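Nothing in this text is a laboratory measurement; each read-out follows from the coordinates by a stated rule. Keep in mind the model is a prediction, meaning the values are calculated, not measured. Cβ coordinates were reconstructed from backbone atoms using ideal geometry, including for glycine residues, and neighbour counts include every protein chain displayed.
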C-alpha cells in the first residue's frame, strides 16, 4: 500500500506504509512538510509513548532546521490488531493540536494492512 501525503508547500511525499512497520513493535513516525522523517519507538508491542517535550526538543535540535510542531505533515503509528484509535491516541492527537499541529494523524493496522485517519474516525 502506497500512501501519499500533500503538504502545505504542495510537496508530494510518497511513503510505503508497510515498510515503515516491518515488525510487531509499535512505532511512531513524525513526517515533516519537507519530507524529513523522525522515527521513534518505546520498543513495546502494544504501546508507544512520545512526549511533547521530547518531540519539541528533537524538532528544534535537528541539523539547525529549527522545526516546530506546526511543520509536521503526518504523525503515523501502528497497532498490531486493533484498527480503532484508543483513548491515548486521542489524547496525543489533541495535545499536538494544542501545540499547533494541523497535519494528518494516522494509524497503520498490521491485521488489516490499512491506514486509518483519526479525523475520519469517531471522536
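Based on the alpha-carbon gyration tensor of the range 71-113 and its eigenvalue square roots a ≥ b ≥ c, which shape applies: rounded if a/c is under 1.5, prolate if not and a/b is larger than b/c, or oblate? Show your work: numbers first, answer last.
Values: a/c = 4.05, a/b = 1.79, b/c = 2.26.
It is oblate, given that a/c is not under 1.5 and a/b is not larger than b/c.
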Q: Given the peptides 101-108, 19-26, 66-73, arrange them by the average over their residues of other C-beta atoms within 10 Å, most packed first.
A: 101-108, 66-73, 19-26
(Q) Which three extents, in angstrom, do the Cα atoms of the range 35-95 have along their principal axes, listed largest first? (A) 38, 23, 21
Q: Would you calculate the separation in nanometres between label points at residue 49 and residue 91, each defined as 7 Å from the Cα along the Cα-to-beta-carbon direction?
A: 0.9
